[in-house]
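Here the structure is laid out as structure tokens; the discussion comes afterwards.
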Amino acid sequence: MNLLDASATTIRSEIVAGRVSAVDVCGAVLERIASANTALNAFNLVDGDRALDRARQIDAQRAAGTPLGPLAGVPVALKDNMDVRGMRTTASSRILEHFVPPYDATVVRRLEAAGAIIVGKTNCDEFAMGSSNENSAFGPVRNPWALDRIPGGSSGGSAAAVAARCVPLALGSDTGGSIRQPAACCGVVGLKPSYGRVSRYGLLAFASSLDQIGPLTRSVADAAVTLSVLAGADPCDATTANEPVPDFAAALTGSVQGIRIGVPRAFVTEGVEDQVRAAYDAALETLRGAGATLVDIDLPHAKYAVPVYYLVCTAEASSNLARYDGVKYGYRSAAARDSLKEMYSRTRDEGFGPEVKRRIMLGTYVLSAGYYDAFYLKALQVRTLLRRDYDQAFERVDVVAMPTTPTPPFRLGEKTSDPLQMYLGDIFTVSANLAGLPGISVPCGFSSEGLPIGFQLMGRMFDEATLLRVADAYERATAWHTRAPGGPEGPALRP
Ligand code: GLN
């Protein structure tokens, strides 16, 4: 067995069976990261010593006959906006470049309680603001399928690391698509759970009514196992729901008999590249062939999702990022000595990158007196209408299908000078966040240039079980997820 190609589920069962040790797995992963990361720039930090220590503990537990958790010995990478005690969290921003958190995020506690081994932190767009990973203060992540292409954002490092066989599992955060988009661009699985499913305690807040944490994996089954580990109410995050957490892996029956799939034909038109459209149509046919029924649906307000999202997320970001003021966290400008106000403003000017500043300014503007009603309040009203569109659709269907991104991954630098163009690429992902619904992206084909294309399914609130079941049935009927960048010999990562 090639350890680096193995799924999280397989790694765990090989360790439990004693056919491989957690230390061997960890060592192979650390070697792979060391050789691949120069080309990819997917990791901001790797802590090999800590990871090997944990791996030794797992091996000792096995030797002692202690029952092992559902992710025992599985190496995991975390997007660098989640806190691990004693390990730097930078959010890929200069303002937090040296910030060492004093506590663990709830997802970190849950992963480690399940036996997972955190190997490091992945590069991302600064404060998770972006769709291409070009907004990182530490340089862009490169797509393992083509190093001149974006890996998608903002969890691009996590997606690239999973695609390039550096780790079988990584966590990302998704405010408007940041798990699903990079999953699509890198040819892996990315799951955004329902709002309230997974605790955000220890996740650096971007837009609190939209943010969710979720897994990036190479199979739907791995995403299901990981969601069962991460999900559940948390006293440290009052927005978590008291919903029971099912065994999501047990929901993967392989059958879509009787499943009704909503197809918003009128919405999936403009700006969608032909090859993406063709892959989407083929994926729908595959599901129909497997026994699902396709149902045309209407989402009349979906066309407003991008403007609504960029009003809501910038408003919330402007408030959430007010805490980075040179006093409480991270960087403080050395240049400002004369007044407190100058210290604040110099610190924020030197610490934040251009996209973060753009959003703070836009968000401050839409919340200011005189503009609040015209922009922010209006956006909230349309958000409600959009949510109603989905409520109505879900009276008739079990899942809704869309492309994940309108195009395959574009070239680095291609859209950086045109933020609006960049924002429009979020058209298919932001509505899941605005409506609070779970969404998943699975690989569904490749462009003529060999670049991955993603297929997105959205589910009812808290019905990740059905969502995962359909995604898994699709995966069983196709082989896209088995391809690795660079072919069967393994990724060729040198430019
Ligand atoms: N691309 C979206 C944005 O730039 C979504 C980011 C995210 O989900 N974190 O805001």
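Return yes when ALA36 is under 20 Å from GLY156 (Cβ atoms) and among the hydrophobic types (A, V, I, L, M, F, W, C) and no when it is not.
yes
Take ALA224 and decide whether it is in a helix (DSSP H, G or I) and either of a type outside the set (Gly, Ala, Ser) or out of contact with any Phe, Trp or Tyr (no Cβ under 9 Å at 6 or more places or on another chain) (or both). Break it down stepwise before answering.
Values: in a helix (DSSP H, G or I): yes; either of a type outside the set (Gly, Ala, Ser) or out of contact with any Phe, Trp or Tyr (no Cβ under 9 Å at 6 or more places or on another chain) (or both): no.
In short, no.
Do you know which residues across the stretch 166-224 are among the β-branched types (Val, Ile, Thr), within 14 Å of the ligand (Cβ to nearest atom) and more than 20 Å from PRO406 (Cβ to Cβ)? Give the derivation first.
Our first condition is that a residue be among the β-branched types (Val, Ile, Thr); within the stretch 166-224, this holds for 167, 175, 179, 188-189, 198, 213, 217, 220.
From the residues that got through so far, the ones that are within 14 Å of the ligand (Cβ to nearest atom) too are 175, 179, 213.
ILE213, the sole residue that qualifies.
Would you mind stating whether GLY330 is under 23 Å from ALA205 (Cα atoms), buried (at least 19 other Cβ atoms within 10 Å of the Cβ) and within 27 Å of the chain's Cα centre (by Cα)? Even if it seems obvious, please write down each step before you answer.
Working: under 23 Å from ALA205 (Cα atoms): yes; buried (at least 19 other Cβ atoms within 10 Å of the Cβ): yes; within 27 Å of the chain's Cα centre (by Cα): yes.
Against the criterion (under 23 Å from ALA205 (Cα atoms), buried (at least 19 other Cβ atoms within 10 Å of the Cβ) and within 27 Å of the chain's Cα centre (by Cα)), GLY330 qualifies.
Go through the stretch 56-91 and report how many residues are small (Gly, Ala, Ser), more than 21 Å from VAL162 (Cβ to Cβ) and assigned to a loop (DSSP other than H, G, I, E, B). Step through it out loud before you land on a result.
First pass over the stretch 56-91, keeping only residues small (Gly, Ala, Ser): 60, 63-65, 69, 72-73, 77, 86, 91.
After this cut, where a residue has to be more than 21 Å from VAL162 (Cβ to Cβ) as well, the list is 60, 63-65, 86.
Pick out the ones that are also assigned to a loop (DSSP other than H, G, I, E, B) and you get 64-65, 86.
The qualifying residues number 3.
Suppose we filter ALA279, ALA266 for residues that are in a helix (DSSP H, G or I) and either buried (at least 17 other Cβ atoms within 10 Å of the Cβ) or not aromatic (Phe, Trp, Tyr) (or both); which single one remains? Step through it out loud before you land on a result.
Values: ALA266 fails: in a helix (DSSP H, G or I).
Of the residues listed, the single one that is in a helix (DSSP H, G or I) and either buried (at least 17 other Cβ atoms within 10 Å of the Cβ) or not aromatic (Phe, Trp, Tyr) (or both) is ALA279.
When the residues of the stretch 285-317 are narrowed to those that are among the hydroxyl-bearing types (Ser, Thr, Tyr) and buried (at least 20 other Cβ atoms within 10 Å of the Cβ), which ends up nearest to GLY177 (Cα to Cα)? Spell out the reasoning first.
Initial filter on the stretch 285-317 (among the hydroxyl-bearing types (Ser, Thr, Tyr)): 286, 293, 304, 309-310, 314.
Right, trim to buried (at least 20 other Cβ atoms within 10 Å of the Cβ) and you get 309-310, 314.
Working: TYR309: 11, TYR310: 12, THR314: 15 Å.
Of everything passing the filter in the stretch 285-317, TYR309 is nearest to GLY177 (Cα to Cα).
For the stretch 386-430, what are the residues that are within 16 Å of the ligand (Cβ to nearest atom), without any contact (Cβ under 8 Å) to a residue 60 or more places away in the chain and assigned to a helix (DSSP H, G or I)?
LEU420, GLN421
So how many residues does the stretch 449-483 have that are surrounded by 22 or more Cβ atoms within 10 Å (Cβ to Cβ) and over 20 Å from the mean Cα position of the chain (by Cα)?
Going through the stretch 449-483 one residue at a time, the tally reaches 2.
Tell me, which residue of the stretch 182-202 that is touching a Ser or Thr at 6+ places or on another chain (Cβ under 6 Å) and in a strand (DSSP E or B) is surrounded by the fewest Cβ atoms within 10 Å (Cβ to Cβ)?
VAL189
A short reminder: the numbers here are calculations on the coordinates, not readings from a lab. Quick caveat: nothing in here was measured; it's all calculated off a predicted structure. No Cβ is skipped: glycine too gets one built from the backbone with ideal geometry, and neighbour counts run over all protein chains shown.
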